[in-house]
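See structure below.
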Amino acid sequence: MKNSRLMAGIAVAAVGALALAGCSGDESGGDGGTEKLTIGISQLVQHPALDAATAGFKKAFTDAGYVEGDTVEFTEKNANGEQSTAVTIAQNFATQDLDLVLAVATPAAQAAAQAITEIPVVFTAVTDAESADLVASNEEPGGNITGTSDAAPIEDQLDMLKEIVPDAEKIGIVYSSGEVNSEVQVKAATAAAEERDMSVTTQTVTTANDIAQAAEALGDVDAIYVPTDNTVVSGIASLIQVAEKKQIPVIGAESGTVEGGAIATLGIDYDKLGYQTGEMALKILTEDADPATMPVEMSKEFTYVVNPGAAERMGVTIPEEILDKAETVE
């Protein structure tokens, strides 16, 4: 009898041990074996291009089998266009138990690079990572940070501008004096314009509230080119209002600007760029890829996007050759 009670006690203990073992993986994800990933996202400002990049990044994780809230947790913060806020977000992320941080746009990436040194950082919507001092080189980043560039095909965009406004000689650009990505683009646009017998005149802003005044101050220009400037794109309605009043055609560097009232772009699909960044992050998190040796990747494709309504309001006609190969927005 005593042996029977002993054997029963052993059996109960064994069952309890198995139950405890089954519960010990409480940090496992929904797939039963993957620990939950925690990722911080710092986005500089809310506008369609950056929103799409963030959404594309998250979609890469969904397509890889991760479930938000179960096997991956995203902590999303928006700096509302304020560099000081981006710095605070990065500093807070540095103190949290995160697996990786995504920085969306150059100023957010610069803040993350300064504050976060112990975990991987990936960036997207950054025009020139080298000029922004984010990496030692695009080929060999050399630290804990890498990502994707949204460098626009500026020469092709100015060729498109000439197709839409054949007599254009003077191009106006409004950009933020605080964004190194914009300085890089303005320099490239100026050189490309000179090669096409055009000149560039510029006005700078520090906040979105300055955009309308800066657009007016461009004076007698034949067209306006909007680079992937986060401040200007976030307040594009102010620039478009001036352009429509003065009948000045506006060409954008990306599709969100066209959705906001510019005539056309040959630009980046930011959803796909963000997805591409998500794939890089997954290699770091699941395949032990090293950001120091992962080259900065460029956008893999560009798309024509046109806004015929905007063209009509600005007094120009989009050539059929462009319309035939373009996506249309209103």
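The values are calculated or read from the model by the stated rules, or taken from the named source; none is laboratory data. Keep in mind it's a predicted model, so treat the numbers as computed, not measured. Ideal geometry is used to build each Cβ from the backbone, glycine not excepted, and the neighbour counts take in all protein chains shown. We work out accessible area using only protein heavy atoms, side chains counted, and drop any ligands, DNA or RNA first. Shrake-Rupley method; radii C 1.70, N 1.55, O 1.52, S 1.80 Å.
Some notes on this structure:
- In summary, the convex hull built on the alpha carbon positions of segment 125-188 has an orientation-averaged projected area of 5.2 nm².
- Per-residue SASA entry for V296, accessible area with 1.4 Å probe, Å² rounded to 10: 20
- You can think of it this way: the chain between D159 and E287 has 41.9 nm of extra reach, that is 0.36 nm per residue less the Cα-Cα gap.
- Modelled FRET efficiency - R0 45 Å, N138 with Q247, Cβ distances, 0.05 increments: 0.65
- Taking Cα centre as origin and charging only the Cβ of basic (Lys, Arg, +1) and acidic (Asp, Glu, -1) residues, the dipole magnitude of the chain rounds to 1240 debye.
- Listed residues G147, G256, G219, most fluctuating in the chain (Gaussian network, C-alpha, under 10 Å): G219
- Mean sequence separation of contacting Cα pairs (under 8 Å, at least six apart), scaled by the length of segment 145-210, corresponds to a relative contact order of 39 percent.
- The Rg/Rh ratio of segment 143-259, with Rg taken over Cα atoms and Rh as the Kirkwood radius over Cα pairs, comes to 0.96.
- 32 Å Cα-Cα threshold exceeded, pairs from K59/K162; K58/K162; K59/K325: K59/K162; K58/K162
- Taking every Cα-Cα distance in segment 50-112 and sorting them into 10 Å bins from zero, the calculated P(r) comes out as 20, 50, 28, 3 percent.
- All Cα-Cα separations within segment 237-294 were binned at 5 Å from zero, giving a P(r) of 4, 17, 17, 13, 10, 9, 9, 9, 6, 4, 2, each value a whole percent of the pairs.
- Convex hull of the chain built on C-alpha atoms - directionally averaged projected area, nm²: 20.3
- Nonpolar atom fraction for segment 266-330, defined as the carbon and sulfur part of the 1.4 Å probe accessible area, stands at 46 percent.
- Convex hull of segment 77-233 built on C-alpha atoms - directionally averaged projected area, nm²: 9.6
- Whole-percent carbon and sulfur share, accessible surface of segment 33-180, 1.4 Å: 42
- Segment 228-270: radius of gyration over Cα atoms, expressed as a fraction of 2.2 N^0.38 Å: 1.06
- Gain in span if fully extended, K170 to T95, counting 0.36 nm per residue against the direct Cα distance: 22.1 nm
- When both segment 174-195 and segment 208-284 are represented by their alpha-carbon centers, they are found 13 Å apart.
- With the whole protein complex present, T88 retains an accessible surface near 70 Å², based on a 1.4 Å probe.
- Karplus 3J(HN,Hα) series, Hz, for segment 270-284 with 6.51 cos²θ - 1.76 cosθ + 1.60 (x for Gly, Pro): 5, 4, 5, 5, x, 4, 4, 5, x, 5, 5, 4, 5, 5, 5
- Across the alpha-carbon atoms of segment 153-198, the computed radius of gyration and Dmax are 10.9, 32 angstrom.
- Solvent exposure of K77, expressed as accessible area, is near 100 Å², computed with a probe of 1.4 Å over the protein chains only.
- Charged neighbours of Q157, selected by a Cβ distance under 12 Å, balance to -3 (K, R count +1; D, E count -1).
- Net lengthening on full extension, A55/T207 (0.36 nm per residue, minus Cα-Cα): 52.2 nm
- Per residue, segment 165-303 exposes an accessible area of 40 Å² to a 1.4 Å probe, with every protein chain left in place.
- Each principal axis of the Cα cloud of segment 196-289 was taken in turn, and the coordinate range along them, longest first, works out to 55, 30, 23 Å.
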